[in-house]
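Working notes for the structure below.
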Amino acid sequence: MAKRSLRDWAAIAEIIGTVMVIVSLLFAVYSIQQNTDQLRVQNENYMFDKMHASLDTIVKDPSFAEIVLKVENQQKLSPSAQPRYTAYTFQRLNLWEMAYF
């Protein structure tokens, strides 16, 4: 076996270092992609839960269901019902805005 000079060992070390940097960058890209996928699924679940919670408001509260039916039938709401429906509408629009972004 031939004796290697310091310059040869430095070149070998530089090649190994370059390969290790590339491997670590690939691992970082993979980790970021996994994290992004996990956050996307988490956000989808959050949006699904919030949308169903807002629909549950109609199902679980008969007086509010009447308010929604009046709006769908284009009937005028009472002064006490208007703020409830407005708040519900703002909540739904906020959810759609979050889903858009």
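No lab work stands behind these numbers, since they all come straight from the coordinates. Since the model is a prediction, treat every value here as computed from it, not as a measurement. Here the Cβ positions follow ideal geometry from the backbone for every residue, glycine too, while neighbour counts run over all protein chains shown.
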- Message: Can you compute the FRET efficiency between residue 2 and residue 40 using 1/(1 + (r/R0)^6), with r the Cβ-Cβ distance and R0 = 35 Å? Round to the nearest 0.05.
- Response: 0.05
- Message: Per DSSP helix of 4 or more residues, -39500 (n - 2.57); summed, then divided by the residues of the chain. What does that give at 222 nm, rounded to the nearest 500?
- Response: -30500 deg cm²/dmol
- Query: Mind checking the angle between helix 6-60 and the chain's longest principal axis? C-alpha axes, 0 to 90 degrees, to the nearest 10.
  - Reply: 10
- Longest principal axis of the chain (C-alpha) makes with the long axis of helix 81-100 (C-alpha) an angle, in degrees to the nearest 10, of 20
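Treating only the Cβ of Lys, Arg, Asp and Glu as charged (+1, +1, -1, -1), what charge dipole size does segment 38-101 show about its Cα centre? Round to the nearest 20 debye.
Details: 7 positive and 7 negative charges, 30 e Å.
So the dipole magnitude of segment 38-101 works out to roughly 140 debye.
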- Message: Starting from 0.36 nm per residue, how many nanometres of slack lie between residue 21 and residue 82 once their C-alpha separation is accounted for?
- Response: 15.8 nm
- To the nearest 10 degrees, the tilt of helix 62-72 (Cα long axis) against the first principal axis of the alpha carbons of the chain is 90
- Item | Theoretical gain in end-to-end length, residue 9 to residue 70 [0.36 nm per residue, Cα-Cα removed] | 13.7 nm
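Once you have the Cα-Cα distance between residue 57 and residue 90, take 0.36 nm times their residue separation minus that, and quote the gain in nm to one decimal. Before the final figure, lay out each step's value.
Values: separation 33, 0.36 × 33 = 11.88 nm, distance 1.38 nm.
Extra length from residue 57 to residue 90 when fully extended: 10.5 nm.
Which percent of the Cα-Cα distances in the chain go past 22 Å?
Percent of Cα pairs beyond 22 Å in the chain: 61.
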